[in-house]
Amino acid sequence: MLADNEFWNSSVNRLYYSLFYAVNALLVLNEIMTKTHSSIKSQFSLHFIKSGKIDKKYGKLLAKLFDWRQKGDYDNLVDYDKESVEPLFISVKEMIEIIENEIENAL
């Protein structure tokens with residue numbers, strides 16, 4: 001709905017938070033507790049990217065959306081566009097599916 005109405009900064013925000021909550025669920029399931037957005041990013045990288053459990057491109061995706069979300073939310077001069085945001089929907093969906101599989105395998 002946000003993308004349909006071309007609210008690209010808000011779309012980036014929602015894409016980031018969809019990954020944030022998926023990654024956080026994976027970390028909690030593995031008894032890895034975090035308190036900040038940065039620590040979620042670093043713990044995910046340490047336990048799932050560097051270990052090879054999840055492809056490093058998804059660690060880069062989380063880092064990119066972390067940065068873009070902050071810029072889009074707090075920098076008045078940032079205005080994302082369709083060409084930069086729309087392809088992220090596919091990548092985020094793929095990453096969430098991978099995380100769901102990790103969670104299912106851990107249960």
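The values are calculated or read from the model by the stated rules, or taken from the named source; none is laboratory data. Computed from a predicted structure; not experimentally measured. Neighbour counts are summed over all protein chains in view; Cβ atoms, including those assigned to glycine, are modelled from backbone coordinates with ideal geometry.
Things worth noting here:
- Condition check for Ile40: of a type outside the set (D, E, K, R), outside any helix (DSSP H, G or I) and either surrounded by 14 or more Cβ atoms within 10 Å (Cβ to Cβ) or in contact with a helix residue (DSSP H, G or I) (Cβ under 6 Å, 6 or more places away or on another chain) (or both): no
- Residues of segment 22-36 satisfying the condition of being part of a helix (DSSP H, G or I) and either loosely packed, with under 14 Cβ neighbours inside 10 Å or hydrophobic (A, V, I, L, M, F, W, C) (or both): Ala22, Val23, Ala25, Leu26, Leu27, Val28, Leu29
- Scanning segment 84-102 for residues that are among the basic types (Lys, Arg) and either modelled with pLDDT under 95 or surrounded by 13 or more Cβ atoms within 10 Å (Cβ to Cβ) (or both) turns up nothing.
- Residues in segment 43-63 that are exposed (fewer than 15 other Cβ atoms within 10 Å of the Cβ) and part of a helix (DSSP H, G or I): Leu46, Lys56, Lys57, Lys60.
- Across segment 11-37, the qualifying residues are those that are touching a residue at least 12 places away in the same chain (Cβ under 8 Å) and hydroxyl-bearing (Ser, Thr, Tyr), and the one among them that is nearest to Ala106 (Cα to Cα) is Ser18.
- Pairs meeting the criteria (first residue in segment 47-76 and within 15 Å of Val12 (Cα to Cα), second residue of a type in the set (A, V, I, L, M, F, W, C) and at pLDDT below 95, beta carbons under 6 Å, at least 6 apart or on different chains) are Lys71/Val78; Gly72/Val78.
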